[in-house]
1. For residue 113, are the conditions met, namely being under 13 Å from the mean Cα position of the chain (by Cα), within 20 Å of residue 20 (Cα to Cα) and not in a helix (DSSP H, G or I)?
2. Please enumerate the residues belonging to segment 58-100 that are among the polar types (S, T, N, Q) and in a loop (DSSP other than H, G, I, E, B).
3. Exactly one of (1) charged (D, E, K, R); (2) open to solvent by 40 Å² or more (accessible area, probe 1.4 Å); (3) in contact with a Lys or Arg (Cβ under 9 Å, 6 or more places away or on another chain) is unmet by residue 69. Its number?
4. For segment 93-119, enumerate the residues that are within 24 Å of residue 26 (Cα to Cα), open to solvent by 60 Å² or more (accessible area, probe 1.4 Å) and not hydrophobic (A, V, I, L, M, F, W, C).
5. Give the residue that is modelled with the highest pLDDT, with candidates limited to residues of segment 7-23 that are open to solvent by 70 Å² or more (accessible area, probe 1.4 Å), part of a loop (DSSP other than H, G, I, E, B) and not aromatic (Phe, Trp, Tyr).
6. Please indicate, with yes or no, whether at least one residue in segment 150-164 is touching a helix residue (DSSP H, G or I) at 6+ places or on another chain (Cβ under 9 Å), over 25 Å from residue 2 (Cβ atoms) and surrounded by fewer than 19 Cβ atoms within 10 Å (Cβ to Cβ).
7. Just one of the numbered conditions (1) modelled with pLDDT of 90 or more; (2) open to solvent by 50 Å² or more (accessible area, probe 1.4 Å); (3) over 18 Å from residue 74 (Cβ atoms); (4) of a type in the set (D, E, K, R) is not true of residue 147; which one?
8. Looking at 174, 160, which is the one that is closer than 28 Å to residue 10 by Cβ, at pLDDT below 90 and among the small types (Gly, Ala, Ser)?
Amino acid sequence: EVSMLSGLQALNPTQPNIYLVKVAVFGSALSAQPGTNNDWSVSAQELWAVATARITAAMGNVPIGFTAKLKGVFWVHGEADAAVDRCSAYQSLLTIFIERLRSTYNEPQLPFVVARVHNSHPLTEPSKSYMLTVRQAQEAVAAVDLRSPVVNTDALPLKGDLTHFDVQGTINLGLTLV
């Protein structure tokens, strides 16, 4: 996050205050996961409520004389949706999520940058095809929504779990997203 924030400030030298609001929950999915309190689905509103509360609180805490505006979203997500019962809905759920965020904050042109899920799973692992479905869904959203570009993360180093970025991968991800 620090590398992303410093990159944003370098690209926007006339903007004295750029704030970053992070909402990250391990294993969260866009699809509904009843009883988990761990999904972004529109119907459940579990993580949606957390995210919008944090964004709204941050926007309300800007210094006097400044007006807060949501200027963009960086989305690093999708691994938990790479499952047989979830992957096929990812494209429509991501589209709905983006549209809802733009509508909620009255920002129809809001950039929503997607970090494409890493192509890390061995070809023999059954979840490989589900991961590819999520990757294709992310690309499909970007193809029809030019304000939602996809950033390739395949060259970024991962931890041993082959899902999460290691320290250098996280730093490089921040720089890549900007």
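The values are calculated or read from the model by the stated rules, or taken from the named source; none is laboratory data. Please read these numbers as outputs of a predicted model, since none were measured by experiment. As a convention, Cβ positions derive from the backbone with ideal geometry for all residues, glycine included, and neighbour counts pool all protein chains shown. Accessible surface is based on the protein model in full, side chains and every heavy atom, while ligands, DNA and RNA are left aside. Shrake-Rupley method; radii C 1.70, N 1.55, O 1.52, S 1.80 Å.
1. Taking the combined requirement at face value, the residue satisfies it.
2. Listed by number, the residues that qualify are 61, 67.
3. (3)
4. Hits for segment 93-119 are 99, 119.
5. 22
6. no
7. Condition (3) is where residue 147 drops out.
8. 174
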